[in-house]
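The values are calculated or read from the model by the stated rules, or taken from the named source; none is laboratory data. Not measured: the values here are computed from a predicted model. Using ideal geometry, Cβ is built from the backbone for each residue, glycine included, and neighbour counts are taken over all protein chains shown. Each accessible area value is taken on the protein alone, full model and side chains, heavy atoms only, with ligands, DNA and RNA left out. Shrake-Rupley method; radii C 1.70, N 1.55, O 1.52, S 1.80 Å.
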Amino acid sequence: MPNVEHTRMTSADVWLMNNSEELIGLINECTRAIPELQYIGASPIAKTEYKTLLLKALPKVGFRESNVGRKQEKATLGTEPVACKFIDGSWSLDEKVALECEWGVDAAITIQAQAHLTSVMQHIGVQTYYGTQADATGFQGLASLLPFSNSEMVVDAGGTKENAATSIFAIKTGIQDVQYAWGQNGQIKDGEIVYCEQYDKDMGKFWGYAQPISGYVGLQIPSTRCIGRICNITDEPGHRASEKLVARLLEMFSVGMEPDMFFMTKQSQGQIRDERTATTAEGKEAPYPETIFKIPLHVTEAISNKEKLLVPA
């Protein structure tokens, strides 16, 4: 597997180039537990949409004799639109609540801003997998291209517990593969914190603090050739996450196009650990796996353990 961990740009790199140091520090603090934004590639774009160039078919080539020509063909190229969606993390804070904060008003404001940014990043993580199933106004996710148990690039673990299933997702990332697109050159806009009038649900007025926070983000998924899914994983015997299922999924990827990483829940990681030797040679508890077939494994809370069962098309 090619080592791309240190060559691709991630969302953190995009933010570093286009935002203030204060905001970058706050964002980095909020994304520590969001592996999708730490490891999946990302690019800034000038506007909020673009078309990515796809290689749909290789040209035909061949050997030839001296002084004998051959017909040349062009590669078959196509485009795929990628649209960034507006995500809003704006917040407001009652002055009374701020004044009652033990650490002061400034601390209360920082806590509020950090909470909203963390929620924004978590929301993007969930959207990455479930797309418009999670938020209809957001970007499409991996599940939209892998919707059935017999879809291309899907392995069915065969679980039967409805609303108690989960998935493992495999991703190949890069400029020509899966990556985040951050619109408006990757800016996360944080407006001025203002002291202003606010209203409750009955239009009762009070005073407090508020700040707009927003950005444009999309997910480029050129085709199913760079993603894969193991679906219908449950806690039922014979339908748990396993290296055997991962091996079946890897067989679906073309040679040289193997995924760069897997994303799964702690439950799935634990099932894979249990499948391996439970203790080390010294009799200690075996560690949780961090790779499968030398491919990095990332645990995420953005994947649900309560998925509906996928069915055949």
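List of remarks:
- Relative contact order of the range 40-100, defined on C-alpha pairs under 8 angstrom at six or more residues apart (%): 39 percent
- Annotation: aspartates and glutamates with alpha-carbon distance below 15 angstrom to Lys96 (same-chain offsets under eight excluded): Asp106, Glu197, Asp200.
- What you get for the range 71-152, charging only the Cβ of Lys and Arg (+1) and of Asp and Glu (-1), is a dipole of about 560 debye around the Cα centre.
- Gaussian network model of the chain, springs between alpha carbon atoms under 10 Å - residue of Pro81, Pro35, Pro59 with greatest fluctuation: Pro59
- Average Cα contact separation per residue, the range 24-157, under 8 Å, 6 or more apart, as relative contact order %: 21 percent
- Non-local Lys pairs in the range 158-313, i.e. 8 or more apart or on different chains, that have alpha carbons under 16 Å apart: 5
- Rounded, prolate or oblate (a/c below 1.5 giving rounded, otherwise prolate when a/b exceeds b/c) for the range 13-94 by Cα gyration tensor: prolate
- Value at 222 nm in deg cm²/dmol, rounded to 500, when DSSP H runs of n ≥ 4 in the chain each add -39,500 (n - 2.57): -7000 deg cm²/dmol
- Accessible carbon and sulfur surface of the chain relative to its total accessible area, %, 1.4 Å: 52 percent
- Each Lys and Arg adds +1 at its Cβ and each Asp and Glu adds -1 at its Cβ; summed about the Cα centre, the range 54-206 shows a dipole of about 1400 debye.
- Bridgeable aspartates and glutamates around Lys51 (alpha carbons under 19 Å apart, same-chain partners fewer than 8 residues away excluded): Glu80, Asp177.
- Contact order, relative form, for the chain: 23 percent (alpha carbon pairs under 8 Å, 6 or more residues apart, mean separation divided by residue count).
- Take the chain with all the other protein chains still there, run a 1.4 Å probe, and you get 55 Å² of accessible area per residue.
- Positive dipole terminus of the chain, leading residue within Phe169, Gly215, Cys101 (C-beta point charges): Phe169
- For the chain, hydrophobic long helices are taken as DSSP H runs at least 15 Å long by C-alpha position along their axis with mean Kyte-Doolittle hydropathy of -0.5 or more; these are 105-130.
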